[in-house]
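> Please see the structure below; I have some questions.
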Amino acid sequence: MFKKILLALTLALVVLAGTGTCFAGDPPKPDPSGASIGTAADVVNATSGAPSAEDMEKMAAAEPLATKLADVIGHNRIAINMTWVLICGFLVMFMQAGFALAETGFTRAKNAGHTMGMNMMVYAIGMLGFWICGFALQMGGSGGAASLGGGGVLDSEFVINLFGKDFGLFGTKGFFLGNDVYDGTVLTMFLFQMVFMDTTATIPTGSMAERWTMKHFCVYGFFISMFVYPLYANWVWGGGWLSQLGANFGLGHGLLDFAGSSVVHMTGGVAALAGAIAIGPRLGKFRADGTANAIPGHHIPMAIAGCLILAFGWFGFNAGSTLAGGDMRIGVVAANTMLASAGGAMTAMLYMWIRFGKPDISMAANGLLAGLVAITAPCAFVTPIMSVVIGGVGGMLLCISVLFIENVLKIDDPVGAISVHGVNGAWGMLALGLFADGTYGDGVNGVKGAVTGLFYGDASQLFAQLIGITTNIIFVFVVMFIFFKVSNKFVKMRVAPEIEQEGLDMAEVAVIGYPEFSINKTHR
């Protein structure tokens, strides 16, 4: 049944590719060898004092040697940027190991093989789903990236006109990375965008750990990577309607999310919330009176090591989102990222220490991640002082949210994924609208002037951020909750009680994470 549905949806998307709105002019041609990028033309606008296009034409006629030198400079500029983006993409891919270790360490030994298996297979499943149609829906109308030398073949966006304004909804070019987008720049963009998407797809594996069937997880992996993530990402990063709130309605620079507080983390966190509600709590999590039982993770050193790996990979996440190795803002982005993580870890530890008398190191580790999630959107637009504040607030929000979700909402989230990614993703988006200091971002989303938040004189950017947060919560939660409920009718989400009691490893993935342990020992 699922194969037939997938085939029908894929064919429908391919048909839709013919309905997109294309850019004017001669259609660009893909360049798989990269021979046509990194020329003298790429020196234009490389810096504020770069020659104009007219200057380059005159130079070509009168000074052929200078033109050849400009070709070399342009080639090196694009090569540096492309290398930078690829290396950062590799760092983000390594975060998959961090997620696997953190989630497995924070859950029980009897499910270690299953939890690690989900974190490994979501990489493969998500990549294939994104390759089939996710990348096309997200970036098919983006126009490419000038810092990477082009990618102009991504020139088809499905657009509707409302109130006299164009609203981009999804791209319609790039399905299966076919010959029409067989281009060096496009494939570089695919790799970088894919590892971001995969972070989103991984997040619900934490909130639904220890009771999720492998079959249903596979269906989920294709669904979120092919449709849910790409659509919201298009609206923010692919030239879609949220990014144009500034150009169309004067709301700052439109919705801004530098490296993914909402696109990546809120999307994953809200999907994790929908999934945790739909699948229900683990057996024994809540007593008859509704109070929660603690179910400790089996390997805290593993979990903390995973969190530190994530913090390392986050430098690729945030600094890589400049898409340019020559963008001198990289140093600011990286330093802000690091400072926010420290703020989050510190406030989380202090909050638990003051409230419960001891510094909960597992909560401090999640506080580190909460600070990173919070700074992901505003990292390029705020000062170091505000980065510490943003991360610090994120650490406290993490603790408050975890306790509220468990004790008040009665939702079982074994690793705190909803609080780390969902709550702090929203906080990061708000923080950008509040604290952007007006020193960076001139021209972003086609709006002149640097990005400025409420406390530096521009309330309109905050309104754009609020619209984006609201859109994410409504769109992702509704779609994912309906998906979980409907798909459960065909492929069961939850394992049988006896399997959950025994442990999912052998029953679901045919391995035991710790075969030297007796399956009936109390370590479970």
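The values are calculated or read from the model by the stated rules, or taken from the named source; none is laboratory data. It should be emphasised that the depicted structure is a prediction, and the values quoted were computed from it without experimental measurement. Cβ: placed from backbone, ideal geometry, glycine included. Neighbour counts: every protein chain shown.
Residue-by-condition table, conditions (1) buried (at least 18 other Cβ atoms within 10 Å of the Cβ); (2) among the aromatic types (Phe, Trp, Tyr):
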residue	(1), (2)
278	yes, no
281	yes, no
312	no, yes
330	yes, no
335	no, no
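> Pairs needed: first member in region 288-307, closer than 11 Å to residue 106 by Cα; second member anywhere, part of a loop (DSSP other than H, G, I, E, B) and among the aromatic types (Phe, Trp, Tyr); C-beta distance under 7 Å; at least 6 residues apart or different chains.
297/106; 303/106
> Scan region 436-465 and report the pairs whose first residue is farther than 26 Å from residue 145 by Cβ and whose second residue is buried (at least 17 other Cβ atoms within 10 Å of the Cβ) and aromatic (Phe, Trp, Tyr), with Cβ atoms within less than 7 Å and a gap of 6+ or a chain change.
455/435
> Taking region 81-140, which residues are among the polar types (S, T, N, Q) and outside any helix (DSSP H, G or I)? Full working, then the answer.
Quick first cut of region 81-140, residues among the polar types (S, T, N, Q) only: 81, 83, 96, 104, 107, 111, 115, 119, 138.
Matches in region 81-140: 107 only.
Table: residues versus (1) under 30 Å from residue 497 (Cβ atoms); (2) in contact with a helix residue (DSSP H, G or I) (Cβ under 7 Å, 6 or more places away or on another chain); (3) assigned to a helix (DSSP H, G or I).
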| site | (1), (2), (3) |
| --- | --- |
| 191 | no, yes, yes |
| 197 | no, yes, yes |
| 210 | yes, yes, no |
| 242 | no, yes, yes |
| 259 | no, yes, no |
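> Is there any pair with a first residue in region 216-232 that is assigned to a helix (DSSP H, G or I) and a second that is charged (D, E, K, R) and crowded, with 24+ Cβ neighbours inside 10 Å whose Cβ atoms are under 8 Å apart and which are 6 or more apart or on different chains, and what are they?
Once the first residue is assigned to a helix (DSSP H, G or I) and sits in region 216-232, its partners that are charged (D, E, K, R) and crowded, with 24+ Cβ neighbours inside 10 Å give 225/198.
> (1) buried (at least 20 other Cβ atoms within 10 Å of the Cβ); (2) not in a helix (DSSP H, G or I): which one isn't true of residue 160, the others all being true?
Result: residue 160 fails condition (1) only.
> Only one of 73, 87, 37 is at pLDDT 65 or above and touching a strand residue (DSSP E or B) at 6+ places or on another chain (Cβ under 7 Å); which? Don't jump to the end; show me each part of the working.
Working: 73 fails: touching a strand residue (DSSP E or B) at 6+ places or on another chain (Cβ under 7 Å); 87 fails: touching a strand residue (DSSP E or B) at 6+ places or on another chain (Cβ under 7 Å).
Only one candidate qualifies: 37.
> In region 352-403, what count of residues is obtained for those that are touching a Pro at 6+ places or on another chain (Cβ under 9 Å) and without any contact (Cβ under 8 Å) to a residue 24 or more places away in the chain? Please lay out each step first, then the result.
First, pick out the residues of region 352-403 that are touching a Pro at 6+ places or on another chain (Cβ under 9 Å): 352-353, 362, 386-387, 390.
Filter once more, so that each one left must be without any contact (Cβ under 8 Å) to a residue 24 or more places away in the chain: 353.
Qualifying residue count for the region: 1.
> Can you list the helices (runs of 4 or more DSSP H) found entirely within region 304-416 that contain at least 1 residues being β-branched (Val, Ile, Thr), within 30 Å of residue 77 (Cβ to Cβ) and out of contact with any Cys (no Cβ under 9 Å at 6 or more places or on another chain)? Explain how you work it out, then say what you get.
Details: elements: 330-356, 361-376, 384-407.
Hits in region 304-416: 330-356, 361-376.
> Quick test of your reading of the structure: residue 157 fulfils all but one of (1) over 22 Å from residue 491 (Cβ atoms); (2) touching an Asp or Glu at 6+ places or on another chain (Cβ under 7 Å). Name the failing condition by number.
(2)
> How about region 431-446: which of its residues are part of a helix (DSSP H, G or I) and within 23 Å of residue 392 (Cα to Cα)?
To start, the set of residues in region 431-446 that are part of a helix (DSSP H, G or I) comprises 431-435, 444-446.
Selection gives 431, 432, 433, 434, 435.
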